[in-house]
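Nothing in this text is a laboratory measurement; each read-out follows from the coordinates by a stated rule. Treat the numbers as computed from the prediction; the structure is a model and nothing was measured. Here the Cβ positions follow ideal geometry from the backbone for every residue, glycine too, while neighbour counts run over all protein chains shown.
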Amino acid sequence: MPDWKQLVRERLGRIHLPADTQEDVIAELALHLEEVSESARASGLGDSAATALALKEVQNWRVLASQISRTRSKEKPMNRLTKTLWLPAIAILFAIGLILVFLDRAALVQRFLFVACAALLFCAAATEARHLNQRTRSLWLPALTTFFGASLSLMLCQLSGMRPHILWVGEHAVVWFYWPWLLTLPIFGAAGARLSQRAHGPVVARVAAGLSPSLIMLTAMLLILPFGFAIDGFHFFQLVGFGLLLIGWVAIPALALLIGAAPFLRRSEPSDEAAAHI
Amino acid sequence: MPVTNMTKRIRSKIARGSGELAILSLLAEQPLYGFEIAKQIGERTGGALKFTLASLYPLLYEMEKRGWVEGRWQVNQAGRDRRYYRLTATGKKQLTPLKQEWRSFFQALDSLAGVSHA
């Protein structure tokens, strides 16, 4: 007789459910298969035939696992307000903003649209807070908070007419940054990491949430780099310039964000981890 | 004649709808656990409706999510732990319109093609 529980656990593979619900499902399905097999043996079948008959109850375990993940998950469909108001509004404002960026028109309106999109995104998140899954609560939402906070702060620095601090080597500007902006970054790093910690996010999620502006900037720069080489051809100075941009817009801001995030990177107590699954 | 995707979808919806009605009707009589539900549906419909593990539990969990049924671990007569499902108040409210829907469906088919459900 097979170990039905082990068999179900192996065949179902990874189902996206809290550990206790997952165990519940495995136990229930295993008992069902056991009973099918027992019933077959009671009607005169041999052990192996009874086991084979029980296994015929499921043709595709992967499909079953996906159906169970969906139906046993406590996540509810999107709120009507989010579907009919927040998301369409975000899409419209974002599209208008994008058109203005491409046309290189109305810089002030572009900035206003950016802030409005951020505000609407938070409205949507607040509306959906009860329905958000663990990853969204512990990673995406905190990361967005940090990113929008840092972006807003940079925008305000630029709008207020502040001049960037420029480091020169000889006649060449090498790194430029806004001191006041850098000074605000620890606050946003702390906010992202704290939100992630509060949602019982693992340390990796807290670091990613706290450093999201730098990580997003790094990704964007790495994506743009090949296009630069493709258009202008490869030059050593381009690579040096890219490295300096990395220092000014990724490494130094990351350090500032990390200073803020650091107090919230301590590993959670085991009870906290368990509570995350309730 | 080949079975089109549309035909498959219609069949699937009919099977799903009939499954819901069968489960709600059974649980209206008494709380049952998964294997018993499948067994009784098979026996009482003469094998016309047959549930396997793969078709039963996603439907049961879906109905539980909608609040029509509630599952709870209990010890059965043989002294073994089983997850028993019972009908909730919401589930009871669903049963009457669902029965009516199926009655109308069969009447419509009967008048069209002479297919009687009796």
Subject >> Derived scalar couplings ³J(HN,Hα) [the stretch B:70-87; Karplus, 6.51 cos²θ - 1.76 cosθ + 1.60; whole Hz; x for Gly, Pro] >> reply: 10, x, 8, 6, 9, 8, 8, 4, 7, x, 10, 6, 9, 8, 8, 10, 10, 6
**OP:** With a/c under 1.5 counting as rounded, go ahead and sort the stretch A:132-275 into rounded, prolate or oblate using the C-alpha gyration tensor (a ≥ b ≥ c being the square roots of the eigenvalues; past the cut-off, prolate if a/b is larger than b/c, else oblate).
**Re:** prolate
**OP:** May I ask for the percentage of alpha-carbon pairs in the stretch A:4-72 that lie more than 17 Å from each other?
**Re:** 42 percent
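Any idea what the relative contact order of chain A is, in percent, if you count C-alpha pairs under 8 Å spaced at least 6 apart?
It rounds to 17 percent for chain A.
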Subject >> Phi-based couplings in Hz for the stretch A:194-203 (Karplus 6.51, -1.76, 1.60; Gly and Pro marked x) >> reply: 5, 4, 5, 4, 5, 8, 6, x, x, 4
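What does the charge count near A:Thr145 come to, summing +1 for each Lys or Arg and -1 for each Asp or Glu among other residues with Cβ under 13 Å from its Cβ?
+4
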Subject >> Spin-label model distance (nm) - A:Arg198 vs A:Ile96, 7 Å beyond Cα toward Cβ >> reply: 3.1 nm
Subject >> Over the stretch A:4-72, relative contact order from alpha-carbon pairs under 8 Å, at least 6 apart, % >> reply: 43 percent
Original post:
Please state the relative contact order of the stretch B:5-113 as a whole percent: Cα pairs under 8 Å, 6+ residues apart?
Top reply: 27 percent
**OP:** Decide, for the stretch B:5-113, between rounded, prolate and oblate: order the square roots of the alpha carbon gyration tensor eigenvalues as a ≥ b ≥ c, take rounded if a/c falls under 1.5, and otherwise choose prolate if a/b is larger than b/c, else oblate.
**Re:** prolate
Original post:
Which whole-Hz ³J(HN,Hα) couplings does the stretch A:93-102 yield from phi under the Karplus relation 6.51 cos²θ - 1.76 cosθ + 1.60, θ = phi - 60°, glycine and proline marked x?
Top reply: 4, 5, 5, 4, x, 5, 4, 5, 4, 5
Subject >> Amide H within-cut-off set for B:Val69, under 5 Å, with H built and near neighbours excluded >> reply: B:Glu64, B:Thr88
Subject >> Helix-only [θ]222 nm of chain A, DSSP H runs n ≥ 4, -39500 (n - 2.57) each, per residue, nearest 500 >> reply: -22000 deg cm²/dmol
**OP:** Bin width 10 Å, alpha-carbon pairs only: give the P(r) of the protein assembly as shown as whole percents, running from 0 to the bin holding the largest distance.
**Re:** 4, 15, 21, 18, 15, 13, 9, 4, 1, 0
Original post:
Between A:Ile216, A:Ala54, A:Ser39, whose Cα lies farthest towards the positive end of the dipole of chain A when Lys and Arg beta carbons carry +1 and Asp and Glu beta carbons carry -1, centred on the Cα centre?
Top reply: A:Ile216
Subject >> Distant-in-sequence amide H partners of B:Tyr84 (H built 1.01 Å from N, under 5 Å) >> reply: B:Arg72, B:Trp73, B:Gln74
Original post:
Summing +1 for each Lys or Arg and -1 for each Asp or Glu, what net charge is found among the other residues whose Cβ lies under 12 Å from the Cβ of B:Leu95?
Top reply: 0
**OP:** Taking the Cα centre of chain A as origin, sum charge times position over the Cβ atoms of Lys and Arg (+1) and Asp and Glu (-1), and report the length of that vector in debye to the nearest 20.
**Re:** 740 debye
**OP:** Find, among the trypsin sites (Lys or Arg not before Pro) in the stretch B:18-73, those assigned to loop by DSSP (not H, G, I, E, B) with at most 15 other beta-carbon atoms within 10 angstrom.
**Re:** B:Lys50, B:Arg66
Subject >> Sequence-distant residues sharing a close amide H with A:Val175 (under 5 Å, placed H) >> reply: A:Leu167
Original post:
Helix A:61-72 sits at what angle to the longest principal axis of chain A, using alpha carbons and giving 0 to 90 degrees rounded to 10?
Top reply: 70 degrees
